[in-house]
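Asks: Structure below; questions to follow.
The values are calculated or read from the model by the stated rules, or taken from the named source; none is laboratory data. Quantities reported herein were computed from a predicted structural model and do not represent experimental measurements. All Cβ positions, glycine included, derive from the backbone under ideal geometry; neighbour counts span all protein chains shown. Ligands, DNA and RNA are excluded from the accessible area calculation, which covers all protein heavy atoms including side chains. Shrake-Rupley method; radii C 1.70, N 1.55, O 1.52, S 1.80 Å.
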Amino acid sequence: MPTVLANHAGSDQRATQPRLARMARAFAVLFLEVEAGQRSRQQLQRLMCPVLFARLDQVWVRPQDSAGRVLAVHGVAVTPGRYEVVAVVERGPRVAALAFTLRRGTWGWRVDALARPEDGPLPEPAYPVPRDEPDIFELVV
């Protein structure tokens, strides 16, 4: 499947975008496998900020016969350290979106925001989460 990329962050990002597009597709595939109950959610823990991982705790497993599949991935480098992604996914007869942000920090690239539009806002974490950075959702006014 082709990956559509747009570059709004400058020419220095062009070399990084194919790698980010591959990372985004790989994350979407892994997320669908976890969502289907085919893989442990712990496999995603190091790829996500702690607060997001905790927020997904109550909503992300939807046992099904097979994982969905990624139909397309569209990403935009909005700054040198932030890559916004929408993955078009198919789960059984339904086609849906999975939106997420890859952000680069001292730990490398990881997902710090994720949404499935059909879920609405994510619940607060069911347990205390150590925060090594501000929660992205608290920055939205």
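Asks: How many residues does the stretch 98-121 hold that are of a type in the set (Val, Ile, Thr) and within 15 Å of the chain's Cα centre (by Cα)? Give the steps one after another, and end with the answer.
Replies: Of all residues in the stretch 98-121, those of a type in the set (Val, Ile, Thr) come to 101, 106, 111.
Narrowing further to those that are within 15 Å of the chain's Cα centre (by Cα): 101, 111.
Residues flagged as of a type in the set (Val, Ile, Thr) and within 15 Å of the chain's Cα centre (by Cα) within the stretch 98-121 amount to 2.
Asks: I'd like to check something: does the stretch 121-131 contain any residue that is within 24 Å of Gln38 (Cβ to Cβ) and open to solvent by 50 Å² or more (accessible area, probe 1.4 Å)?
Replies: yes
Asks: Moving on. List pairs: first in the stretch 104-123 and more than 22 Å from Ala26 (Cα to Cα), second open to solvent by 40 Å² or more (accessible area, probe 1.4 Å) and of a type outside the set (Val, Ile, Thr), Cβ under 7 Å, 6+ apart or cross-chain?
Replies: So the pair list comes out as Pro123/Gln58.
Asks: Can you tell me which condition Asp57 does not meet? The list is (1) surrounded by fewer than 19 Cβ atoms within 10 Å (Cβ to Cβ); (2) out of contact with any Asp or Glu (no Cβ under 9 Å at 6 or more places or on another chain); (3) at pLDDT below 90; (4) within 27 Å of Pro18 (Cα to Cα), and all the others hold.
Replies: For Asp57, the failing item is (4).
Asks: How many residues, within the stretch 83-97, are touching a residue at least 60 places away in the same chain (Cβ under 8 Å) and under 12 Å from the mean Cα position of the chain (by Cα)?
Replies: The number of residues fulfilling the criteria is 3.
Asks: For Gln38, only one of the following conditions fails: (1) in contact with a His (Cβ under 7 Å, 6 or more places away or on another chain); (2) open to solvent by 70 Å² or more (accessible area, probe 1.4 Å). What is its number?
Replies: It fails just one condition, (1).
Asks: Next up: Please go through (1) touching a strand residue (DSSP E or B) at 6+ places or on another chain (Cβ under 7 Å); (2) without any contact (Cβ under 8 Å) to a residue 40 or more places away in the chain for Leu71 and return the number of the only condition it doesn't satisfy.
Replies: Of the numbered conditions (1) touching a strand residue (DSSP E or B) at 6+ places or on another chain (Cβ under 7 Å); (2) without any contact (Cβ under 8 Å) to a residue 40 or more places away in the chain, the odd one out for Leu71 is (2).
Asks: Given the conditions (1) under 20 Å from Arg103 (Cβ atoms); (2) touching a strand residue (DSSP E or B) at 6+ places or on another chain (Cβ under 7 Å), which single one is not true for Val51?
Replies: Every condition holds for Val51 apart from (2).
Asks: From (1) surrounded by fewer than 19 Cβ atoms within 10 Å (Cβ to Cβ); (2) touching a residue at least 12 places away in the same chain (Cβ under 8 Å); (3) within 12 Å of the chain's Cα centre (by Cα), pick out the condition that doesn't hold for Ala26.
Replies: (2)
Asks: Out of the residues in the stretch 67-113 meeting the condition of being part of a strand (DSSP E or B) and of a type in the set (Phe, Trp, Tyr), tell me which one is surrounded by the most Cβ atoms within 10 Å (Cβ to Cβ).
Replies: For the stretch 67-113, the residue satisfying everything is Tyr83.
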